[in-house]
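As structure tokens, the structure follows; a few thoughts come after it.
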Amino acid sequence: MNISTEISSRSEAITLKQIIASLVFLGIFFIPFTSWKGLDFLGEYAKEASFIFFALAAIGLGIHSALTGKIAIPFRNILFQLLLLLFAWFFITSLINLPTIKDYYFKGITGYERFIRQYSVVIISGIVLFLTYFNVFRRYDNLTLFYKVRRVFFYSMIIVTSYGILEILILVFNMGFLYNILWFYNFFPFTEVYLFYGVNRISSVTFEAPALATYLFTVSGWMFSYVITEKGLKRFIPSLVTIVLAMFSDSRAGLIVIFVQILLFGMLLIKKRKHHQLLIKIIALSAIAMMVIGFAKGKEIATYIQEKITSFDVRDSKHSISNRSRFGIQYASYAVFQEHPITGVGYGMQAYEGRKKYPKWATVGNWEFKLKYLNENDPRFPPGYNIYTRFLAETGLIGTGIFLLLLAAILATTFGILKKNDDRYLLAVVICISMIGFYFNWLKTDTIRVFGFWINFALLVRMSSQSTFTFRTKKTQIDK
């Protein structure tokens, strides 16, 4: 290869790296945009607009590694090692249960097909996309990375907030004439305007109110960080907007998660002496605000809080169907685990065994089981509604133990970085708040396909990797 050709090749590689990074940040921007019809051939990623950009970035990374002969893989990082161990066990436990899996058939899908689909999602989210994020993030120093990612989330929140405010004005304050303005959001990519009349719940650019709440606690740590880095009253605006949107989404679980995140953020501020005065200001402003609101709307607020606390009861008239479905499916998953406590029934197989064990108190008079979960004509599989009970059923004590060990290692690594108080501090604060949100959210959802989690995981692995290995595709060695 002559000098001019080598220079040209390097220039192309640099340009491709920039394109890959841009696609990743575009994907982060479009994470909440799930209100469009989607692309059916993408399966579980059908409505995820961000997946399009992440997938293109992954393809770009593959091309780049082919051109340069290398790709960064954090083999020595304990978090990544635990992740590989977890995914390996998913495969092993499915091999162990192969004699049973081959006979599974439900909603037109065999056990083999179900495993391939579910395991593909694991590999795509936890390996392919994770390595794409990791290879992009390692190009930046810690502070640059923090501000760059936060800026992207902030711009995304501007769209989410503007749409959400119009929804609130239309649905809650009956300003129907503003729909003509909201309608123009149909021209925004991956957005289809739809209002949930009669329930007064906003969803913004997501497909439903709970999805909006999930996005809000995904970005809450980033929005809370403005309190630390900015000055004046404007520092509180991103946090207040996040809380207000969460309240109007009326998501019970979302409100609880964000409340826990707020408490955690306060505890992190207490830990650092220079933030004590800031914390006092926050407490004082919050106390004044609560007193004013309490005098004006005390009775309504008390009623609202009482409704939210009691809304998880299966006898609650408003939420009884939803609660019975969730708790009934979780109960069935635990019953499956009791019969297969060590290895589980195989990754992705919970629904095949669980449908035989749904309790009568959950199914009798519950249209969701009749029309969705047990309806052979509805192609959607029953969700597990809890990743912990799902893993108990599918991977047994071994798989669940590895998963919990991974979650514990994530927090331990984050707290370790926080103690060092170096240039990784801000990222560690955000990751700590975000991860706690994901852990709590998994009490009501069973999917590992969570972009926010893998982005934070990639950030943490990038920060905690003392040395990163580069796998050279043109050589038979792994170089540091």
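The values are calculated or read from the model by the stated rules, or taken from the named source; none is laboratory data. These numbers were taken from a predicted model, which means no experiment stands behind them. Cβ: placed from backbone, ideal geometry, glycine included. Neighbour counts: every protein chain shown. Quick note on the areas: whole protein, heavy atoms, side chains included, nothing else; ligands and nucleic acids left out. Shrake-Rupley method; radii C 1.70, N 1.55, O 1.52, S 1.80 Å.
Points to keep in mind about this one:
- Index of the failed condition, residue 421 passing every other in (1) open to solvent by 10 Å² or more (accessible area, probe 1.4 Å); (2) at negative phi: (2)
- When residues in the stretch 128-147 are screened for being in contact (Cβ under 8 Å) with a residue 60 or more places away in the chain, loosely packed, with under 15 Cβ neighbours inside 10 Å and more than 21 Å from residue 65 (Cβ to Cβ), 2 of them pass.
- Failed item in (1) open to solvent by 20 Å² or more (accessible area, probe 1.4 Å); (2) closer than 29 Å to residue 411 by Cα; (3) in a helix (DSSP H, G or I), with residue 158 passing the rest: (2)
- Residues (open to solvent by less than 80 Å² (accessible area, probe 1.4 Å) and part of a helix (DSSP H, G or I)) located in the stretch 166-179: 166, 167, 168, 169, 170, 171, 176, 178, 179
- Take the conditions (1) open to solvent by 10 Å² or more (accessible area, probe 1.4 Å); (2) in a helix (DSSP H, G or I); (3) among the aromatic types (Phe, Trp, Tyr); residue 163 misses just one of them, which is (1).
- Near pairs, Cβ below 7 angstrom, 6+ apart or cross-chain, from the stretch 180-206 (open to solvent by less than 50 Å² (accessible area, probe 1.4 Å)) to any residue that is of a type in the set (D, E, K, R) and outside any loop (DSSP other than H, G, I, E, B): 195/167; 202/167; 204/167
- Qualifying residue in the stretch 319-338 (condition: outside any helix (DSSP H, G or I) and modelled with pLDDT under 95): yes
- Looking only at residues in the stretch 31-84 that are under 17 Å from the mean Cα position of the chain (by Cα) and among the acidic types (Asp, Glu), the one that is least open to solvent (accessible area, probe 1.4 Å) is 48.
- Residue match in the stretch 355-374 (condition: closer than 17 Å to residue 388 by Cβ, within 28 Å of the chain's Cα centre (by Cα) and modelled with pLDDT of 70 or more): no
- Conditions (1) surrounded by fewer than 16 Cβ atoms within 10 Å (Cβ to Cβ); (2) among the acidic types (Asp, Glu); (3) at pLDDT 90 or above; number of the one not met by residue 446: (1)
- So residue 264, is it out of contact with any His (no Cβ under 8 Å at 6 or more places or on another chain) and modelled with pLDDT under 90: no
- All conditions but one from (1) in contact (Cβ under 8 Å) with a residue 12 or more places away in the chain; (2) over 23 Å from residue 322 (Cα atoms) apply to residue 367; the one that does not is (2).
- Taking the stretch 28-114 and the helices (runs of 4 or more DSSP H) fully enclosed by it, the elements with 2 or more residues that are farther than 28 Å from residue 381 by Cα are at 49-68, 78-96.
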